[in-house]
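> Sharing a structure, written as structure tokens. Questions coming.
The values are calculated or read from the model by the stated rules, or taken from the named source; none is laboratory data. In this text, all values refer to a predicted model and were calculated from it rather than measured experimentally. Here the Cβ positions follow ideal geometry from the backbone for every residue, glycine too, while neighbour counts run over all protein chains shown. Side chains included, ligands, DNA and RNA excluded: accessible areas come from the protein's heavy atoms. Shrake-Rupley method; radii C 1.70, N 1.55, O 1.52, S 1.80 Å.
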Amino acid sequence: MMERAEHLQREIQQISGRDLQLWSIGILVMLVLAAGMLALVFPNLLWAERSIHIQTAYLPQLFFGLISLILLFNIYLLQQKISLNHTRAQLIGELVLNERLESLSLVDPLTQLLNRRALNELIPREVARANRLGRPLTFMAMDLKGFREINGKFGANEGNHVLSEFSKLLKNTFRGCDTILRQGGDEFIVVLPDTSEEEAEAPLERLAYSVKLWNSTHSKGYELSFVWAVAPYIVGSDINDVMRNLDRKIYQKQHNLVPVF
């Protein structure tokens with residue numbers, strides 16, 4: 001879809017270039033015709049007296065011919081302009097539709113967070129930015145603890161409600177420049193640009209407090225809780241190693257090998 005959008009944008013730019021070209025040609029032709037009419041009406045302005053003789057009997061035909069050319073050329077310009085505008089409108093409409101489809105394909109419909117496909121497109125950009133600017137970049141993974149039991153005991157609707165509620169807590173906790181994604185199931189990933197591993201502890205503490213507050217204000221037969229892991233990206237390192245390290249850490253916490261919120 002990204003390639004299609006780029007292709008549509010190039011076509012729109014080409015049409016804009018053709019539009020400018022058409023107007024340039026129109027202005028040039030109008031100037032030439034105007035000069036021709038002036039030459040016929042006031043020949044002494046352009047040529048020496050008696051250098052050109054035009055019989056007055058032919059002047060009406062010449063004027064009629066010039067006016068006809070101007071009308072025909074204006075009709076041609078108008079047709080081309082309408083055709084270009086129609087083509088431009090079609091391309092813009094297709095581009096808007098493509099962007100909407102692209103947006104829908106990158107958004108998880110349940111939580112309205114970005115999905116795994118968006119993660120695959122986002123990571124290379126963030127890594128390139130971190131390498132270019134030499135800024136820290138940290139990845140955070142979170143899994144809901146006991147989600148399968150909640151889903152099995154209270155039903156899929158309640159499980160979806162839990163996912164939606166936890167997503168809202170994530171949105172209220174992290175910064176606008178952070179990217180929150182639902183990787184699948186009850187797995188979430190947060191990409192934190194310009195954030196070191198130590199600095200990532202502050203939003204984790206805020207999230208833990210928000211979860212605690214949610215549990216105290218919602219009378220459920222279960223408690224919302226999550227396990228987490230953090231992995232920093234080192235400039236120049238392999239991002240695949242970072243993601244594998246993140247998976248390994250979250251696996252360890254899922255099996256209670258380290259403390260869990």
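> Within region 56-68, is even one residue open to solvent by 70 Å² or more (accessible area, probe 1.4 Å) and either at pLDDT 70 or above or within 42 Å of the chain's Cα centre (by Cα) (or both)?
Within region 56-68, one or more residues are open to solvent by 70 Å² or more (accessible area, probe 1.4 Å) and either at pLDDT 70 or above or within 42 Å of the chain's Cα centre (by Cα) (or both).
> Only residues that are open to solvent by less than 70 Å² (accessible area, probe 1.4 Å) and not aliphatic (A, V, I, L, M): list them for region 172-183, please.
Residues satisfying the conditions are T173, F174, D178, T179, R182, Q183.
> Same structure, new question: Surrounded by fewer than 20 Cβ atoms within 10 Å (Cβ to Cβ) and either within 29 Å of the chain's Cα centre (by Cα) or of a type in the set (D, E) (or both): is that true of D186 in this structure? First the steps, then the outcome.
Working: surrounded by fewer than 20 Cβ atoms within 10 Å (Cβ to Cβ): no; either within 29 Å of the chain's Cα centre (by Cα) or of a type in the set (D, E) (or both): yes.
When the stated conditions are applied, D186 does not pass them.
> What number of residues within region 98-108 satisfy the criterion of being open to solvent by 30 Å² or more (accessible area, probe 1.4 Å) and either at pLDDT 85 or above or basic (K, R) (or both)?
Of the residues in that region, 1 qualify.
Table: residues versus (1) at pLDDT below 95; (2) surrounded by 15 or more Cβ atoms within 10 Å (Cβ to Cβ).
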{"site": "N115", "(1), (2)": "yes, yes"}
{"site": "A128", "(1), (2)": "yes, no"}
{"site": "M140", "(1), (2)": "no, yes"}
{"site": "G146", "(1), (2)": "yes, yes"}
{"site": "N151", "(1), (2)": "yes, yes"}
{"site": "F154", "(1), (2)": "yes, yes"}
{"site": "G159", "(1), (2)": "yes, yes"}
{"site": "L170", "(1), (2)": "no, yes"}
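> Same structure, new question: So for region 209-231 (the condition being closer than 14 Å to F139 by Cβ and open to solvent by 40 Å² or more (accessible area, probe 1.4 Å)), does at least one residue qualify? Before you say what the answer is, go through the steps one by one.
Applying the first criterion (closer than 14 Å to F139 by Cβ) to region 209-231 yields 228-231.
Among the residues that remain, those that are also open to solvent by 40 Å² or more (accessible area, probe 1.4 Å) are: 228.
Yes; the residues of region 209-231 include at least one that is closer than 14 Å to F139 by Cβ and open to solvent by 40 Å² or more (accessible area, probe 1.4 Å).
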